[in-house]
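The values are calculated or read from the model by the stated rules, or taken from the named source; none is laboratory data. Quick caveat: nothing in here was measured; it's all calculated off a predicted structure. Here the Cβ is made from the backbone with ideal geometry for all residues, glycine too, and neighbour counts use every protein chain on show. Calculation scope for accessible area: heavy atoms of the full protein, side chains included, ligands and nucleic acids excluded. Shrake-Rupley method; radii C 1.70, N 1.55, O 1.52, S 1.80 Å.
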Amino acid sequence: MILENGVVRTLDPSLPLARGLAIAGELVAGGIGTHETALASPERIDLGGRCVVPGFNDAHVHFPTWALAQREVRLEGTSTLDEALARVREALPSLPPGRWLRGRGWRSGDWQPPVDPTKEALDAFSGETPVALMARDSHSVWLNSAALAHANGDLQVPGGVVELDDRGEPTGVLREESCWHFRDAYIETSDDEYVDAMRVGIKLANTRGVTAVHDKDGWLGALRFWGRLEEDGALTLRVWQSLPAEKADELASVDVRSGLGSSLLRLGYLKAFMDGTLSSQTARMLGGGGVEITSRDDFAELIRHAARAGFPVSVHAIGDLANRDALDAFEATREEWEPVGLRQRIEHAQLLAPEDVPRFAQLGITASVQFSHPASDREIADRLWAGKTDRAYAYRSLAETGALLANGSDAPIEELDPLAGIRAGVLRTLDERPPWHPEQALTVDQALRATTLAPAWLARDEHRRGKLVPGYLADLVVLDRDPLDSEPEELAEIHVVATMLGGRWVHGSPPWD
């Protein structure tokens, strides 16, 4: 197959721009005029001036949760408590008897007037139907009395927060480990529900140019969901799968190592948490406050166990103290993980002390960030981190020190849409508001590489993915125009035309209008 008459951004410095691309089987054979003779009667596809870039790789997505969220009550964008309650009330009549009503996306910090959610607000109309509404950051859950009754008082766990009213009774809001414990123990979701939702989600991701993901939902058994989809021939993404950090010793005992799997589905890394989140006010801060989920010393021990098992670690850190503790732990254990080539990462890295910014590059720790977060978090960050936002979401500062940035969506917290993420990284806004801290904006090239090359490197795939050069997998996206030759304000107008995985069209096969 030959794609011709267009612009090919190879992302390889030796030949960054080509006018066409030859593909043989699942691999790139070369640029036009280089290896055409190796192709027997190749199919020729006219790009019509369109642009080809490497396939997008979402470096941080809770894929099964995001896929299921497409079927849940969505509370993003609600500006009042009453608006959120109205959406929940509207969904109740369509719910089959005996089922949970699930939703997500609320953020009480966005509501005016300011008010905290309570079980009583849901009880007023929900009756015996259990209602569980995950917050936008997935670190809090809002429950009605019928849902709380399922736990029979089993709410408080180490690292968790149970909000109480002035009578000492649960308000219906659980945070951090208490939220996750309740979710895992009591909110009922079958494997079939996840798999069916993921079938649809994979197709939607392909329409957005996604050819690979780093999935964060190892805790709920995502590996077996992906396995079913691969067996059925429905897996048209390459998956670098997380597993819970506490499984390190178990994995070592059966001699399972990072990288095990197929060309589509591989075990990747172990996931841990240092602290909570900005909007839940549980991010761990140098000035005090927040929730410590894992201490620095415990995290260092976890890194050691993971290294002995042959796994890199991905750790959630939001607050400046949480990030410092994570960096300190990586530095203290460096002699164990660096010699064996483990590629460590901190997820989010949202607030950093100035002296910690250069440590990412110095230690070789990837900043696995989400370019869309500043655009949606700006108002709550201005309020809760007043006077500190000059060092929040500091993407340019990290890049200028030589740190590797990998971009993800954190879907369903943001939408799984790489083009929107690239746009947010460049413009520092996604709406009509002016850029927020534009001094931290990236170039289009930097944002594109963070969405293609960097995630491939983290997955030890840098010699077969992330570029469009001979011998690399033909994972690519056809765009209606060249993002590197567009004005920043034109980025919102760029659209995915087609997506290819391993030489096979998985969305928008030609011819194109």
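Out of the residues in segment 313-328 meeting the condition of being open to solvent by 10 Å² or more (accessible area, probe 1.4 Å) and of a type outside the set (Asp, Glu), tell me which one is nearest to Ala59 (Cα to Cα).
Among those residues, the one meeting the criterion is Arg324.
For segment 240-264, how many residues meet the condition of being in contact with a helix residue (DSSP H, G or I) (Cβ under 8 Å, 6 or more places away or on another chain), in contact (Cβ under 8 Å) with a residue 40 or more places away in the chain and within 27 Å of Gly503 (Cα to Cα)?
Matching residues across segment 240-264 total 2.
Taking into account only those residues within segment 115-140 that are surrounded by fewer than 14 Cβ atoms within 10 Å (Cβ to Cβ) and acidic (Asp, Glu), which is nearest to Gly276 (Cα to Cα)?
If we take residues in segment 115-140 being surrounded by fewer than 14 Cβ atoms within 10 Å (Cβ to Cβ) and acidic (Asp, Glu), then Glu120 is nearest to Gly276 (Cα to Cα).
Does segment 491-513 hold any residues that are within 16 Å of Asn206 (Cα to Cα), surrounded by fewer than 21 Cβ atoms within 10 Å (Cβ to Cβ) and of a type in the set (Gly, Ala, Ser), and which are they?
Gly502, Gly503, Gly508, Ser509
Any idea which residue in segment 438-461 is surrounded by the most Cβ atoms within 10 Å (Cβ to Cβ), counting only those that are farther than 19 Å from Glu493 by Cβ and acidic (Asp, Glu)?
Residue satisfying both the conditions and the ranking: Asp461.
Please find, among Pro470, Pro435, the residue that is touching a strand residue (DSSP E or B) at 6+ places or on another chain (Cβ under 6 Å), in a loop (DSSP other than H, G, I, E, B) and open to solvent by 10 Å² or more (accessible area, probe 1.4 Å).
Going through Pro470, Pro435 in turn, just one is touching a strand residue (DSSP E or B) at 6+ places or on another chain (Cβ under 6 Å), in a loop (DSSP other than H, G, I, E, B) and open to solvent by 10 Å² or more (accessible area, probe 1.4 Å): Pro470.
Need the failing condition index for Leu204 against (1) aliphatic (A, V, I, L, M); (2) at pLDDT below 95; (3) more than 26 Å from Val313 (Cβ to Cβ); (4) out of contact with any Lys or Arg (no Cβ under 8 Å at 6 or more places or on another chain), just the number.
Only one criterion is unmet by Leu204, namely (2).
May I ask you to list the residues in segment 5-40 that are open to solvent by 20 Å² or more (accessible area, probe 1.4 Å), of a type in the set (S, T, N, Q) and at pLDDT 90 or above?
Scanning segment 5-40 gives Asn5, Ser14.
Could you tell me which numbered condition Thr443 fails, if it satisfies all but one of (1) more than 25 Å from Phe63 (Cα to Cα); (2) touching a Lys or Arg at 6+ places or on another chain (Cβ under 6 Å)?
Among (1) more than 25 Å from Phe63 (Cα to Cα); (2) touching a Lys or Arg at 6+ places or on another chain (Cβ under 6 Å), the lone unmet condition for Thr443 is (2).
For segment 87-114, how many residues are in a helix (DSSP H, G or I) and surrounded by 13 or more Cβ atoms within 10 Å (Cβ to Cβ)?
8
Does Glu414 satisfy being acidic (Asp, Glu), crowded, with 17+ Cβ neighbours inside 10 Å and part of a loop (DSSP other than H, G, I, E, B)?
yes
Under 8 Å between Cβ atoms, which residue pairs at least 6 apart in sequence (or on different chains) link something in segment 346-375 that is over 17 Å from Asp275 (Cα atoms) and in contact (Cβ under 8 Å) with a residue 60 or more places away in the chain with a partner that is β-branched (Val, Ile, Thr) and in a strand (DSSP E or B)?
As it stands, the answer is Thr366/Ile346, since those pairs meet every condition given.
Being small (Gly, Ala, Ser), over 22 Å from Thr65 (Cα atoms), in contact (Cβ under 8 Å) with a residue 24 or more places away in the chain and touching a helix residue (DSSP H, G or I) at 6+ places or on another chain (Cβ under 8 Å) is the requirement here; does Ser145 meet it?
yes
If you scan segment 257-306, which residues turn out to be of a type in the set (Phe, Trp, Tyr) and open to solvent by 20 Å² or more (accessible area, probe 1.4 Å)?
Phe273
Looking at (1) open to solvent by 10 Å² or more (accessible area, probe 1.4 Å); (2) at pLDDT 95 or above, which one does Pro488 not meet, given that it meets all the others?
The one condition Pro488 does not meet is (2).
Please verify whether segment 177-194 includes one or more residues that are surrounded by 17 or more Cβ atoms within 10 Å (Cβ to Cβ), assigned to a helix (DSSP H, G or I) and among the acidic types (Asp, Glu).
Narrowing segment 177-194 to residues surrounded by 17 or more Cβ atoms within 10 Å (Cβ to Cβ): 177-183, 186, 194.
Remaining after also requiring assigned to a helix (DSSP H, G or I): 177-183, 186, 194.
Filter once more, so that each one left must be among the acidic types (Asp, Glu): 177.
There is at least one residue in segment 177-194 that is surrounded by 17 or more Cβ atoms within 10 Å (Cβ to Cβ), assigned to a helix (DSSP H, G or I) and among the acidic types (Asp, Glu).
Taking interchain pairs and intrachain pairs at least six residues apart, which have beta carbon atoms under 8 angstrom, with the first residue in segment 69-80 and among the acidic types (Asp, Glu) and the second at pLDDT below 90?
Here the result reads Glu76/Arg136, each pair linking segment 69-80 to a residue that is at pLDDT below 90.
Within the set of pairs 6+ apart or on separate chains, which have a first residue in segment 183-204 that is under 15 Å from Asp217 (Cα atoms), a second that is open to solvent by 80 Å² or more (accessible area, probe 1.4 Å) and part of a helix (DSSP H, G or I), and C-beta atoms under 6 Å apart?
Matching pairs, first to second residue: Val195/Arg228.
Consider Ile365 carefully, then state whether it is of a type in the set (A, V, I, L, M, F, W, C), open to solvent by 10 Å² or more (accessible area, probe 1.4 Å) and in contact with a Phe, Trp or Tyr (Cβ under 7 Å, 6 or more places away or on another chain).
On the way: of a type in the set (A, V, I, L, M, F, W, C): yes; open to solvent by 10 Å² or more (accessible area, probe 1.4 Å): no; in contact with a Phe, Trp or Tyr (Cβ under 7 Å, 6 or more places away or on another chain): yes.
Judged against the criteria, Ile365 is not a match.
Which one of these does Thr211 not meet: (1) outside any loop (DSSP other than H, G, I, E, B); (2) open to solvent by 10 Å² or more (accessible area, probe 1.4 Å); (3) polar (S, T, N, Q)?
Condition not satisfied by Thr211: (2).
Which residues, counting only those in segment 329-362, are open to solvent by 10 Å² or more (accessible area, probe 1.4 Å) and touching a Ser or Thr at 6+ places or on another chain (Cβ under 6 Å)?
Scanning segment 329-362 gives Val357, Pro358, Ala361.
Taking Val477 as meeting all but one of (1) part of a loop (DSSP other than H, G, I, E, B); (2) among the aliphatic types (A, V, I, L, M); (3) within 21 Å of the chain's Cα centre (by Cα), write down the number of the exception.
(1)
If the requirement is being open to solvent by 40 Å² or more (accessible area, probe 1.4 Å) and out of contact with any Lys or Arg (no Cβ under 6 Å at 6 or more places or on another chain), which of these qualifies: Gly48, Gly55?
Unique residue meeting the criteria: Gly48.
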